[in-house]
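Just so you know, all these numbers are worked out from the coordinates, no wet-lab data involved. Model, not experiment: these values are computed from the prediction. Cβ coordinates were reconstructed from backbone atoms using ideal geometry, including for glycine residues, and neighbour counts include every protein chain displayed.
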Amino acid sequence: MLLDNVKIIEKQAIKLVGYSIQASLNDDIQARIVEKLREALVDRSAQIVNRIDDGMYLVQIYSEGEWTPDVAFTHIVAAEVQAFQDIPNGMITHIIPKGRFILFMHEGPESEIDATYDLINEWLKRNNFDDTRAFDMEHWINIQNLKEQHNIIHIYVPIK
């Protein structure tokens, strides 16, 4: 993780088209759920109208209450679009509201991102930010590089 590149930013609303599923972290790890959703989105990406770029988002919407790796939460794997139009069958729409976020960057393979989240949670506590949150999101800028050491993933944590 690149802690020296942490920034507080404002983002406009983000319109997403893709897939959504409820699963725990342990279920995802065992069944490679997010990876399969990402592959399905790649396979059907040409069907998504008004796509902004080739990147993808992973939005993780957490359940209320104490989180453990066995608690199910919502995973959304989606592409950003300019407007919702001709949504492909089986896909969902979702809007990330306009707001303030702390932007962290993960450098390295996507498979090593858990260590970055551990550092993010430590950073939030150390800097007096509430480390409980309703959601966070990752922006996979170049999905072709997700297994590479030079891969960069933007991680957005909402703040008030």
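By the helix-only formula, in which each DSSP H run with n ≥ 4 contributes -39500 (n - 2.57) and the sum is divided by residues, the chain has a 222 nm mean residue ellipticity of -6000 deg cm²/dmol. Close amide H partners of Val71, meaning residues 5 or more places away or on another chain with modelled amide H under 5 Å apart, are Leu25.
Between the alpha-carbon centres of the stretch 97-160 and the stretch 27-51 there is a gap of 19 Å.
Projecting the Cα positions of Pro69, Gln85, Phe104 onto the charge dipole of the chain (unit charges on Cβ atoms of Lys, Arg, Asp and Glu, taken about the Cα centre) puts Gln85 furthest along the positive direction.
At 0.36 nm per residue, and after removing the present C-alpha to C-alpha distance, how many nm does the segment from Lys147 to Asp131 gain when stretched out fully?
On the way: separation 16, 0.36 × 16 = 5.76 nm, distance 2.77 nm.
Separation in residues times 0.36 nm, less the Cα-Cα distance, equals 3.0 nm.
Computed extension length for Ile92-Asp114: 5.3 nm, one decimal, from 0.36 nm per residue of separation with the Cα-Cα distance subtracted.
Assuming 1.306 mPa s and 10 °C, estimate D for the stretch 3-159 with Stokes-Einstein, Rh taken as the Kirkwood radius over Cα pairs, in µm²/s. Let's see the in-between values first.
Numbers: Rh = 16.2 Å.
Estimated diffusion coefficient is 98 µm²/s.
Derived scalar couplings between HN and Hα for the stretch 55-67 equal x, 9, 10, 10, 10, 10, 9, 8, 6, 5, x, 6, 8 Hz in order, rounded to whole Hz, by the Karplus curve 6.51 cos²θ - 1.76 cosθ + 1.60 (θ = phi - 60°), x for Gly and Pro. Using θ = phi - 60° in the Karplus curve 6.51 cos²θ - 1.76 cosθ + 1.60, the 3J(HN,Hα) couplings for the stretch 9-19 round to 10, 9, 10, 6, 4, 10, 9, 10, 10, x, 10 Hz; x is entered for Gly and Pro.
Pairs of lysines in the stretch 3-159 whose Cα atoms sit within less than 27 Å of one another amount to 11, provided the residues are eight or more positions apart or on different chains.
Using the reciprocal of the averaged 1/r over all distinct C-alpha pairs, how large is the Kirkwood radius of the stretch 118-160 in Å? Could you put the intermediate results ahead of the total?
On the way: mean 1/r = 0.0838 Å⁻¹.
One decimal place: 11.9 Å for the Kirkwood radius.
With +1 on each Lys and Arg Cβ and -1 on each Asp and Glu Cβ, how big is the dipole of the chain about its Cα centre, in debye rounded to the nearest 20? Numbers along the way, then the final one.
Values: 15 positive and 25 negative charges, 122 e Å.
The dipole magnitude comes to about 580 debye.
Over the stretch 1-155, what is the mean sequence separation of C-alpha contacts under 8 Å (at least six apart), divided by residue count, expressed as relative contact order in percent? For the stretch 1-155, the relative contact order is 34 percent.
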